[in-house]
Amino acid sequence: MKKSQTFIKNNMVLILLFVLIAYFSLTTRNFFSGTNAANLLRQVSIIGIMCSGFTLVMISGGLDLSVSSIISFVGCLSAMGIMANVPIWLSCLMGIAVSVLISAINAAFILGTGMPAMICTLAMQQVLQGLTYMLTGAAPIYGMPDSVKFLGQGYIGIIPIPVIVMIICFAICGLS
């Protein structure tokens, strides 16, 4: 294979990223604005936080397809706790405990039955999606206190809080 073909094959994602950036910068007036950059970083940060933990699972040879459903379920539980006047710190701590419990249930099924991780976590994903739907009635949870909104919508200087949390998660995972 020629060097140019190898380069393209090895860097296709970056090449496509630059093509998309060029396209959007030519077709959209405010693409290179600070507001757009902050919005893009905020949107990417939630997936980045989730993927940092998922990366550790993958590195260890595991597979967990239920991560996103655990986040949805626990997020709804925590939000409902906060809306029911449970202290924010306690609601978040309970969310972490429920996440650990769900992961322990996954591990018990995988190790106890020899079931493939993909099947077990896919089943847990479906169970949690159903429970989340039942818990919320498919309605959004709104009216959160400003202190909670700050975590998702606030800034420190010009940097959105979720981006800072993502960077901290990346650093922790990098040290692991």
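Taken together, the values in this text are just the output of simple stated rules run on the coordinates, not laboratory data. Bear in mind the structure is a predicted one, so any value in this text is a computation, not a measurement. We place every Cβ from the backbone using ideal geometry, glycine too, and count neighbours over all the protein chains shown.
If I model a spin label at Ala138 and Ile21 as a point 7 Å from the Cα along the Cα→Cβ vector, what separation in nanometres do I get?
Between Ala138 and Ile21, the label points sit 4.1 nm apart.
How far apart, in nanometres, would the label points at Asn39 and Ile59 be if each is projected 7 angstrom from Cα along the Cα-to-Cβ direction?
3.4
Between (1) 19.9, 64; (2) 17.1, 60; (3) 42.7, 151, which matches Rg and Dmax of the Cα atoms in Å calculated for the structure shown?
(1)
What's the extension gain from Val13 to Ala107 if we count 0.36 nm per residue and subtract their Cα-Cα distance?
30.5 nm
Spelling out what I want: for every residue of the stretch 141-155, take phi, set θ = phi - 60°, compute 6.51 cos²θ - 1.76 cosθ + 1.60 (Karplus), and round to whole Hz; glycine and proline get x.
Running phi through 6.51 cos²θ - 1.76 cosθ + 1.60 with θ = phi - 60° gives 9, 9, x, 5, x, 4, 5, 7, 4, 4, 5, x, 10, x, 10 Hz.
Under 5 Å between amide hydrogens, which residues at least 5 positions from Met115 or on another chain qualify, with H placed 1.01 Å from N in the peptide plane?
Under 5 Å from the amide H of Met115 lies no amide H from a residue far enough along the sequence or on another chain.
List the chymotrypsin sites (Phe, Trp or Tyr not before Pro) within the stretch 141-175 that fall in a DSSP loop (any state other than H, G, I, E or B) and whose Cβ has at most 16 other Cβ atoms within 10 Å.
Answer by residue number: Tyr142.
When only C-alpha pairs under 8 Å and at least 6 residues apart count, what is the relative contact order of the chain, in percent? Walk me through the numbers before you get to the answer.
On the way: 114 pairs, mean separation 50.3, N = 176.
Value for the chain: 29 percent.
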